[in-house]
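Notes to accompany the following structure.
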Amino acid sequence: MSDNDTKKPTGDAVAVAAPKPPAPPPAGPPPKPQPKNPGFVTCTIDGKEVVVKPGTNMIEAAKLVGSDIPYYCYHPRLSIAANCRICLIEASNAPKLVPACQTALAEGVAVKTTTPKVKEQQRSVMEFLLLNHPVDCSICDQAGECKLQDYYMKYDYRPSRLEGGKALKNKRKVLGPRVVLDQERCIMCTRCVRFMNEIPRESQLGVFGRGSHERIDVFPGNDLSSNYSLNTVDVCPVGALLSRDFRFKARAWFLSATPSVCTGCSRGCNTYADWMSQDTYRYRPRENEEINKSWMCDQGRLSYKELNTDRVLFPLVGRESAQAKGSARPELTRQEAAQAAARQLKPLVGSAKLAVLASPVASNEALLAGLSFAKTVLGVSAVYVGGRPQGAADHFLMTADKNPNRKGLETIAQALGLAIKGFEDLSTAIQSGKVTGVYAIGTEVPGNAEAFAQVAAKLEVFVAQAQNESPVTAQATALLPASAHIEDEGTFTQQDGITQRFRKAYPSKGDAVPHWKWAAELTRALGGEAAWASARDVWRALSTQVAAFAEFNWDKASPPDREKPGINPLPSGADGRPPGYREFGAPRVRGI
């Protein structure tokens, strides 16, 4: 029978087709789980739940739950290199160990940082890094701040198994005027190379060679001359890059650190001042997102030297040039000096022949007290602005104005109703005889100091509060030693109008006292009232007259004083080093 002869159903009989089976699901990975916290990534690290922004790497996330993942090459402000390999950890979504610095967290991932596999990996990496490393700890300036030391004690603590001699490289490679490299200590983390390429964008360092002969060096015919070269010393986690200025000067564990502000220019970079006894040994950058991030220029770093040398230490009366040859200017007590200065100023009170010279190197508290004294007691109506001369600026942080508080001086003078006049106007007024007496809050001058000293020699009265000796201080009829900013608390207002607190590190040298204390002494000696006992009292009493300071909370703006023992570098912040044992325990306060 043919197909055409097949009987078709008739009547109500209808053929029903069999249903098709469902299509099999497409092959591939399962769909991603819905986020527990939309817009964020939720996972667990060592059994603790953590919620972070997408893209956060495992090192930063681990800090939030108190887990410590070691690292050398990672720095939060530099690109990721992932070449030191000590941060390898276990993650539930990876069959092998993954670098925590390079791996962003994914939703639902379980991260483990303390398993036997991870610990053995850390020990192995430490053994490898130390294989050719010289045993220089006893003479290395990095001792006490070195992450090789810290991590060896924490993750390895075994003798070397190297047979034969170590690979030898250049021990004292001078890279530039401020940095020297010990190539044997280098672990090739490349932080310094990445910093120079990415932050100041001055590509002066590179990686040369292969294998065990690989090394950091400058390009042939060049040197590391950048104004930011010393930041490479900060970011170096070992003792390879060293500051030629600080080298062999002090051991890190003998130093205490105080949060301060750089006075090298008007930028106002946040710093740590590292000091011992009554000497400052170095500045290091302190992290501030608004101003200097984690960096500072070399010129600012080296400005600490004026705190230690050529200081005015004792009150003196009489000009140096007026003394008999070989005789010294008579020294007085602070009270006697204030009385002598007041006697010199008294005949000129309220007279147009008296001028006030203020330095923008002085703090806001010094200027509040000094200019208030000048207006209410001395009766002047204008202030002449001195300060350091203008200098070079660069493309990153350093400004041409080398005075840390010009904005503060101008703000305070305007609020007190004092006219602001230029320094050249003062020289002209002295030479013409219109001004015969000067009261100076700081003796820094923007021109040639020798030239102004010759002009100041014509003054009948020159009462000067000074930090450092100079040709100008030699012409003072009453020289009153002033404390440096590191010897007192206070504030500076940087060029963008941001007011910042700094703290006291150590007592003033010699008989020096802060500018505001001299203003109080002179006020009382001339019959006025001044009950200020601290910089805080000055701020509370006088800052209300300055509208720009109304929203600044002097107490809350204070950075913690020695919040960590020893030299307390910020973890992976100011100097880029990972957190170490120095950050825990009771603060160590050294005696003087």
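Tabulated data for the structure shown
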{"quantity": "Cα centroid of the stretch 507-542 to Cα centroid of the stretch 102-149, whole Å", "calculated": "52 Å"}
{"quantity": "Sites S277 and N93, calculated FRET efficiency, Cβ-Cβ separation with R0 51 Å, nearest 0.05", "calculated": "0.40"}
{"quantity": "For Rg/Rh (Cα atoms, Kirkwood Rh), calculated from these coordinates, the label among [x] 1.15; [y] 1.18; [z] 1.00", "calculated": "[y]"}
{"quantity": "Per-pair calculated FRET efficiency, R0 = 35 Å: I498 and E107 via Cβ, rounded to 0.05", "calculated": "0.35"}
{"quantity": "Three-way shape call for the stretch 48-130 based on the alpha-carbon gyration tensor, with the a/c threshold at 1.5", "calculated": "oblate"}
{"quantity": "DSSP bridge orientation in the chain - percent antiparallel, rounded to nearest 5", "calculated": "65 percent"}
{"quantity": "Protection proxy ranking of 131-139, 493-501 - average other beta-carbon atoms within 10 Å, highest first", "calculated": "493-501, 131-139"}
{"quantity": "Gained length - F254 relative to R172, 0.36 nm times residue gap less alpha-carbon distance", "calculated": "27.0 nm"}
{"quantity": "³J(HN,Hα) computed for each position of the stretch 162-171 - Karplus, 6.51 cos²θ - 1.76 cosθ + 1.60, integer Hz, glycine/proline x", "calculated": "5, 10, x, x, 7, 5, 9, 9, 5, 7"}
{"quantity": "Relative packing of peptides 144-151, 109-116, 205-212, 276-283 - highest average C-beta neighbours within 10 Å first", "calculated": "144-151, 276-283, 109-116, 205-212"}
{"quantity": "Zone of K458's modelled label, taken as backbone nitrogen in the stretch 379-405 under 19 Å from a point 7 Å along Cα→Cβ", "calculated": "384-386"}
{"quantity": "Label point distance in nm, F128-Q545, each placed 7 Å from Cα along Cα→Cβ", "calculated": "6.7 nm"}
{"quantity": "All lysines inside 24 Å of K421 as judged from Cα atoms, apart from same-chain residues fewer than 8 positions distant", "calculated": "K346, K353, K375, K402, K407, K434, K458"}
{"quantity": "DSSP-loop GluC sites (Glu not before Pro) across the stretch 388-487, with at most 13 other Cβ within 10 angstrom", "calculated": "E460"}
{"quantity": "Proximal lysines to K53, defined as alpha-carbon separation beneath 27 angstrom and excluding residues fewer than eight positions away on the same chain", "calculated": "K32, K36, K63, K96, K112, K293"}
{"quantity": "Residue-wise HN-Hα coupling along the stretch 35-45, computed from phi with Karplus coefficients 6.51, -1.76, 1.60 (Hz; x: Gly, Pro)", "calculated": "x, 5, 10, x, x, 10, 10, 10, 8, 10, 10"}
{"quantity": "Cα centre as origin, Lys/Arg/Asp/Glu Cβ charges: the stretch 81-230 dipole, Debye", "calculated": "260 debye"}
{"quantity": "Relative contact order [Cα under 8 Å, 6+ residues apart], the stretch 251-349, whole percent", "calculated": "17 percent"}
{"quantity": "Helix 364-376 vs. the chain, principal-axis angle (Cα, 0 to 90°, nearest 10)", "calculated": "30 degrees"}
{"quantity": "Projected label distance in nm at E120 and Y157, using a 7 Å step from Cα toward the beta-carbon", "calculated": "1.9 nm"}
{"quantity": "Cβ-Cβ FRET estimate between Q34 and A82, R0 fixed at 30 Å, reported to 0.05", "calculated": "0.50"}
{"quantity": "Spin-label pair T309/N222, simplified geometry with 7 Å Cα→Cβ offset, distance in nm", "calculated": "3.1 nm"}
{"quantity": "Protection proxy ranking, peptides 382-389, 154-161, 511-518, average beta carbon neighbours within 10 Å, highest first", "calculated": "511-518, 382-389, 154-161"}
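All of the numbers you see were taken from the coordinates with simple rules; none came from a lab. Every value quoted in this text rests on a predicted model; they were computed, and no experiment measured them. So basically every Cβ, Gly included, is an ideal-geometry build from the backbone, and we count neighbours across all protein chains shown.
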